[in-house]
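A short worksheet on the structure shown next.
The values are calculated or read from the model by the stated rules, or taken from the named source; none is laboratory data. These figures come from a predicted structure and were not determined experimentally. A quick note on method: Cβ atoms are made from the backbone with ideal geometry, for glycine too, and the neighbour counts reach across all protein chains shown. Heavy atoms of the whole protein, side chains included, go into the accessibility calculation; ligands, DNA and RNA do not. Shrake-Rupley method; radii C 1.70, N 1.55, O 1.52, S 1.80 Å.
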Amino acid sequence: MTTAETDAVWQVGESQEPHRVLLDAGWSTLWKPAQGREGVTGADRIRELAASGYAALPIPQDFGGAGAGLVEVAAAQRALGIADPSAAIALNMHAFTVGLMVDYWKRHRDTSWMLLEGIAREGALVASAFAEPGGSPNFMSSRSEAVETTKGYRVSGVKYPCSLATTATLVCLTARVTGTDETLLALVPRSSPGLTVEGEWPSLGMTDSDTARLVLRDVDLDDRLVFHRGPADVIDDNVISGMAWFAVLLTATYHGVLSGLLDVAYQGAAKAGTFGPRTALLGRATRELLALGGTCRQLGADIGSGAIAGRAELAAAVALRASLSDTRERVLAAVTPVIGSRLYGRGHPAAALLVDSLAVHHHPPSLLTCDEVVGAVGTGREISFDPAG
Ligand SMILES: Cc1cc2nc3c(=O)[nH]c(=O)nc-3n(C[C@H](O)[C@H](O)[C@H](O)COP(=O)(O)OP(=O)(O)OC[C@H]3O[C@@H](n4cnc5c(N)ncnc54)[C@H](O)[C@@H]3O)c2cc1C
């Protein structure tokens, strides 16, 4: 039996081990991911999770959802991140987009409730397509083009990488309105004529996240499904709300992935017979995750209660996103000597978690811009997500 086979019996999931009692405290969720069935992965696993109530989690109870707030959805994301990193990062896109839609409805009390009701009824998933080939450090600008028509717009462009590419019912996307400096944010049905999935995303990790290339060729977009329109550098309530939901849920997701890695480190150290210098290294990794988790939950609670808002909310969300990346590196540095070369072993669960957690650096807002944004808020200057600006 190889080391990888022996170690594969280690279960990453719910645990009563002392380090997990410490780390899990405060993360409370009624929704927990069902155990995956043998051989069910990728798109099928994502569909099963969506149907198990996940898709409707943040939708108000009046519209058929579970009415979970940001902190509870974050706890669900963390539970999913421990159990299934790829599915968690894919469903994170749905959770943040629907969370933003719920927040939009709360601010506008318009007909968007009908969409929310439909999503809850069908257990439908919503993808979020911002990224485009060649990189997009300014997530608020887009190379996809939207040409005005009598009923709305006709959109063409390429969105890549896009998770939930084949499993989503709706796609939330950005496009530049041709001939203007405006970018719009809108929903289109995944089954729209002209919208196709052409090729997967050849990533090293998060390989079961249904992430692929979406191509739009003259896709009709109904004006009623446009819920934000404005110059790419204007930061309004939608941008702030979207960033806040995204940063908190992303952090909770990777907190789960890193908690899973820490499980492996603790279990390996216990097998060694004596903890020795491993105790302090495990302690260091644990305190990093304790601090990150506490900050993440507190920011979620402050956003929910309105204790933080506007530019401060945006800066705190961007700060959390950047600190998440820093924490991932510090946790990895601490657990590397504890786990040893198994962390570098092909097929080993720890190595898979190492590569999955590396994806944390490649989400918006780009790490090229985070400190600049926080500094701009701190010094009372204009905020820009454009590294060139
Ligand atoms: C697991 C996972 C799932 C994701 N799912 C989604 C999703 O569902 N929807 C979505 O919108 N996004 C998704 N993303 C994409 C992510 O949000 C990033 O926005 C996207 O990958 C762009 O990042 P980037 O690092 O390539 O580019 P940027 O942040 O734009 O650039 C970073 C650096 O790379 C350089 N660079 C970029 N491209 C090139 C190139 N071709 N040649 C040379 N240098 C280059 C830039 O100049 C810059 O210095 C996902 C990412 C991950 C990791």
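Before moving on, here are some points about what is shown:
- In this entry, I89 passes the filter for residues that are among the aliphatic types (A, V, I, L, M) and within 12 Å of the ligand (Cβ to nearest atom).
- Residue check for T169: within 16 Å of the ligand (Cβ to nearest atom), closer than 16 Å to L225 by Cβ and either open to solvent by 10 Å² or more (accessible area, probe 1.4 Å) or under 21 Å from the mean Cα position of the chain (by Cα) (or both): yes
- Within the range 355-372, the residues that satisfy the criterion of being in a helix (DSSP H, G or I) and within 14 Å of the ligand (Cβ to nearest atom) are V355, D356, S357, L358, A359, V360, H361, H362, C370, E372.
- Test: residue in the range 20-42 that is under 29 Å from V226 (Cβ atoms), open to solvent by 10 Å² or more (accessible area, probe 1.4 Å) and not hydroxyl-bearing (S, T, Y): no
- Residue pairs meeting the criteria (Cβ under 6 Å; at least 6 apart or on separate chains; first more than 24 Å from V360 (Cα to Cα), in the range 257-277; second at pLDDT 95 or above): G268/I339; A269/R278; A269/V338
- Members of the range 140-151 that are within 12 Å of the ligand (Cβ to nearest atom) and open to solvent by less than 30 Å² (accessible area, probe 1.4 Å): M140, S142, S144
- Identity of the residue in the range 314-353, in contact with a Gly (Cβ under 8 Å, 6 or more places away or on another chain) and within 16 Å of the ligand (Cβ to nearest atom), that ends up nearest to G293 (Cα to Cα): L353
- Across the range 70-93, the number of residues qualifying as in contact with a Pro (Cβ under 8 Å, 6 or more places away or on another chain) and open to solvent by 20 Å² or more (accessible area, probe 1.4 Å) comes to 3.
- Subset of the range 190-218 [at pLDDT 95 or above, under 21 Å from P85 (Cβ atoms) and of a type in the set (D, E, K, R)]: D208, D210
- Exclusive hit being hydroxyl-bearing (S, T, Y) and farther than 30 Å from D62 by Cα, set S156, S128, S163, S112: S156
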